[in-house]
1. Quick one: net charge around PRO334, please, counting Lys, Arg +1 and Asp, Glu -1 for every other residue with C-beta under 15 Å from its C-beta.
2. Hey, if we sort TRP335, TRP74 by accessible area with the 1.4 Å probe, largest down, what's the order?
3. Averaged across orientations, what area in nm² does the convex hull of the alpha carbons in the stretch 113-211 project?
4. Could you order TYR435, TYR132 so the one with the most accessible surface comes first? Probe is 1.4 Å.
5. Give, in whole angstrom and from largest to smallest, the semi-axes √(5λ) of the equivalent ellipsoid of the stretch 1-223, with λ running over the eigenvalues of the Cα gyration tensor.
6. As I understand it, the value is the acute angle between the Cα axis of helix 433-461 and the longest principal axis of the Cα atoms of the chain; what does it come to in degrees, rounded to 10?
7. Can you list the cysteines of the chain that have no other Cys Cβ under 4.7 Å away?
8. Whenever you get a sec, compute what percent of the accessible area on the chain sits on carbon and sulfur atoms (1.4 Å probe).
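The values are calculated or read from the model by the stated rules, or taken from the named source; none is laboratory data. Because the structure is predicted, anything quoted here is derived from the model rather than measured. For neighbour counting, all protein chains shown are included, and Cβ atoms are generated from backbone atoms with ideal geometry for every residue, glycine included. Areas reflect the complete protein model, heavy atoms only, side chains present, ligands, DNA and RNA absent. Shrake-Rupley method; radii C 1.70, N 1.55, O 1.52, S 1.80 Å.
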Amino acid sequence: NVVETQEHYKSRWRSIWIMYLTMFLSSVGFSIVIMSVWPYLQKIDPTADASFLGWIIASYSIGQMVASPLFGLWSNYRPRREPLVVSTAISVAANCLYAYVHVPHSHNKYYMLTARALVGFGAGNVAVVRSYIAGATSLTERTSAMANTSACQAVGFILGPVFQTCFTLIGEEGVTWKFLCLQLNMYTTPVLFGALLGVINIILIFAIFREHRVDDMGRQCKSINSDGEGSDVLDQNTEGSIDHIAVVALNILFFVILFVFAVFETIATPLTMDMYSWTRKQAVFYNGIILSVIGIESVIVFMVVKMLSKKTGERAILHAGLLIVLVGFFILLPWGKKLPNIQWQEIKNNSIPRTVPTEMLTPFWSLQEMQLPSNHTAEPVGCPVTQSWCLNTPMIYLAQYISSDVLIGLGYPVCNVMSYTLYSKVLGPKPQGVYMGWLTASGSGARILGPVFVSQIYTHLGPRWAFSLICGVVVVSLLLLEIVYKRLIAFSVRYGRLQE
């Protein structure tokens, strides 16, 4: 058995840190434009409507879903540097394309759609990153490394909108470079910044990243796809077949976890506008603050989970995480007597009084009621009368909404890290590229279907149906976890090479 040298240990962890950075940059690439896509789209192509915006947002996940298994397969047979560099280069090129979508004279919205789909395609490299980290860590290091990976991803999602906010100072006009046909404004500068980060990432992959592989005990072994680095001891512990029932179950659980979170992100703005009579600006601003706080909460949770899992094991923590998410959505169910403010669009000019529950009228809202002029200059607020459930569904109190946010912000990161960690342990020492690709693809699928599902159910049937169905889905996933609980053990433990 080759015991790892100090030099090998340092080199191995340097490479893992480069993978953390790749993960961070990939999520910054997604979130850095997310707040400005809609105004930019309206500016470059007036023919685009809100449903087309839905396609542009979804195109990122569709691109990632297609690319993940492909990059994963590639990384199983070739040095991982190849798919990592190619995927990052695709993202850089796609970001540059996004900066130029205003140039053509027509069909601009389709260029924007293509650019976002290609950025997503490039982000398929997260499967390569996670499979590399799984192969380059021992079982004892794995949970901590996976938690760090997810934390880097989460920090990327939080900082993307922060960078975007800084770039708004440039304004809508900004600077134009005639010789490059390039406008540097609040919409294009963030993506060009993203492209620059991608170039730096490629340089670091060439300069620092080296392929390493260790077995579950942490002994150095030669990688199938290494370029001649590492020792010549091949891993003897790859005999035995992977438990495919456990693999499928974890894919389903991961789908549910990301589906539920995508629903939560999508519903936040419309729900708060309907329930608390917030304007569009208020809803985006307040929910932006709430999501940032949840992001910070998640990073803290990732760090705590690393300590906890050593004491209780990953399965118990995954179970607890799902229960917390269930309670979070259960709290969101409407109860009580008060109805939300109703937004009467058609009859505002008539003499019919607006039926607003009197107990709802705090001084602030009553001020707003008085200020609404008879013409339509003010933005109508409240629950639109076109959603028939508004007339008979009790409102969800702000305290309910905030408590639910806190619980989901606690449960989601726990489930996220634990499902990745358990998955990589169940797969064991064999190359995990394709399997990690499938897991990433199931997560991307959830992020496409979640928003579609919730927008339909919520609009037509209301929050009671939407959140009851989500609770049902989480209960089913808890039952599934119970059924496969005993199978979710590390490959080496299953074949008796290590004690749990």
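1. +2
2. From most exposed to least exposed: TRP335, TRP74.
3. The directionally averaged projection comes out at 8.3 nm².
4. Order by accessible area, largest first: TYR435, TYR132.
5. After diagonalising the Cα gyration tensor, the semi-axes are 37, 16, 15 Å.
6. Value to nearest ten degrees: 10.
7. CYS96, CYS152, CYS166, CYS181, CYS221, CYS415, CYS471
8. The computed percentage sits at 69.
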